[in-house]
Amino acid sequence: MLDLGDGRLALCVGDAAGHDERAARFARRLREAMRRHLCAGVMPDIVVSRAMADVAAAGDLGEMFATAFLAVADARSGRVDYVNAGHPPVLYLPAHPAAGGGGGGEPCSLGPTGPILSDLFAGTEIWLTRSLTVAVGDCLLLYTDGISEARDEHGDQFGVLPLTAACAGTDSPDGLLHRLFTQVAEHACGAVRDDRTIAVLARQPRSIPPRGGCVRG
């Protein structure tokens with residue numbers, strides 16, 4: 001999470017292939033490069049494209065790749081510009097879902113707007129920025145596949161549907177994070193086989209500063 005000033009906040013969740021030091025180094029390089037370009041004020045697709053070019057230029061990537069979802073939110077207007085580089089679809093969850101043709105938005109998934117982050121695509125501008133406007137109380141739920149693919153003793157995955165259901169009646173991002181991690185841990189009987197990260201970007205009333213929350217398990 002990065003405060004860009006002037007009421008704008010950037011939030012990124014990513015997942016590099018592998019669990020060794022090489023994967024960690026690749027992830028660090030991507031994160032540092034994205035931060036540099038975010039501070040330059042360019043759109044998310046340009047941030048991702050330039051960051052991948054920077055990391056590829058350093059060499060020694062081999063077959064490394066990563067996925068990432070990067071969002072830049074304006075707390076005043078509610079506009080969110082995002083790019084999804086091969087990451088699991090992010091959930092947009094309105095505080096007041098539409099019903100019977102009434103007001104409110106519809107829950108939806110923000111799927112990929114381009115491929116994974118790999119040197120195969122370095123030097124290209126293949127990713128796209130998409131936008132949506134969130135109302136007060138709405139939130140975006142970002143997660144890694146260690147959450148949705150957590151398995152129980154029978155091998156059944158946690159899935160995406162429980163992520164949406166858990167958001168009903170949530171009164172705070174912190175409450176939502178706690179609830180989801182508890183449910184995933186119970187589903188997986190405490191076993192952890194992959195990195196688990198969840199982040200919530202919620203638009204708060206004007207009197208409350210814009211908030212983002214991110215927890216890794």
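The values are calculated or read from the model by the stated rules, or taken from the named source; none is laboratory data. Just so we're clear, the structure is a prediction, and the values are computed from it rather than from any experiment. For neighbour counting, all protein chains shown are included, and Cβ atoms are generated from backbone atoms with ideal geometry for every residue, glycine included. Areas reflect the complete protein model, heavy atoms only, side chains present, ligands, DNA and RNA absent. Shrake-Rupley method; radii C 1.70, N 1.55, O 1.52, S 1.80 Å.
Within region 20-48, take every residue that is among the small types (Gly, Ala, Ser) and open to solvent by 10 Å² or more (accessible area, probe 1.4 Å) and give me the one that is modelled with the lowest pLDDT.
Step one: list which residues in region 20-48 are among the small types (Gly, Ala, Ser), which gives 23-24, 27, 33, 40-41.
Among the residues that remain, those that are also open to solvent by 10 Å² or more (accessible area, probe 1.4 Å) are: 24, 27, 40-41.
Working: Ala24: 86, Ala27: 90, Ala40: 93, Gly41: 92.
So the residue we want is Ala24.
Condition check ((1) of a type in the set (Ser, Thr, Tyr); (2) within 16 Å of the chain's Cα centre (by Cα); (3) at positive phi; (4) in a helix (DSSP H, G or I)) across all residues:
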site	(1), (2), (3), (4)
Arg35	no, yes, no, yes
Val47	no, yes, no, yes
Ala56	no, no, no, yes
Gly59	no, no, yes, no
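Regarding Leu141, is this residue within 23 Å of Tyr82 (Cβ to Cβ), at pLDDT 90 or above, open to solvent by less than 40 Å² (accessible area, probe 1.4 Å) and out of contact with any Ser or Thr (no Cβ under 6 Å at 6 or more places or on another chain)? Criteria met by Leu141.
Checking each residue in region 115-137 for being open to solvent by less than 20 Å² (accessible area, probe 1.4 Å) and either within 15 Å of the chain's Cα centre (by Cα) or of a type in the set (Gly, Ala, Ser) (or both) picks out Leu117, Ser118.
Would a scan of region 114-124 turn up a residue that is within 30 Å of Ser172 (Cα to Cα) and either touching a Gly at 6+ places or on another chain (Cβ under 9 Å) or modelled with pLDDT of 90 or more (or both)? Don't jump to the end; show me each part of the working.
We begin by selecting, within region 114-124, every residue within 30 Å of Ser172 (Cα to Cα); these are none.
No, the conditions are met nowhere in region 114-124.
Suppose we keep only residues that are open to solvent by 30 Å² or more (accessible area, probe 1.4 Å) and either charged (D, E, K, R) or under 14 Å from His87 (Cα atoms) (or both) within region 102-113. Which one would you say is modelled with the lowest pLDDT?
Taking region 102-113 first, the residues open to solvent by 30 Å² or more (accessible area, probe 1.4 Å) are 102-104, 106-109, 112.
This time we only want the ones that are either charged (D, E, K, R) or under 14 Å from His87 (Cα atoms) (or both), so: 106, 109, 112.
Numbers: Glu106: 74, Ser109: 92, Pro112: 96.
Among those residues, the one meeting the criterion is Glu106.
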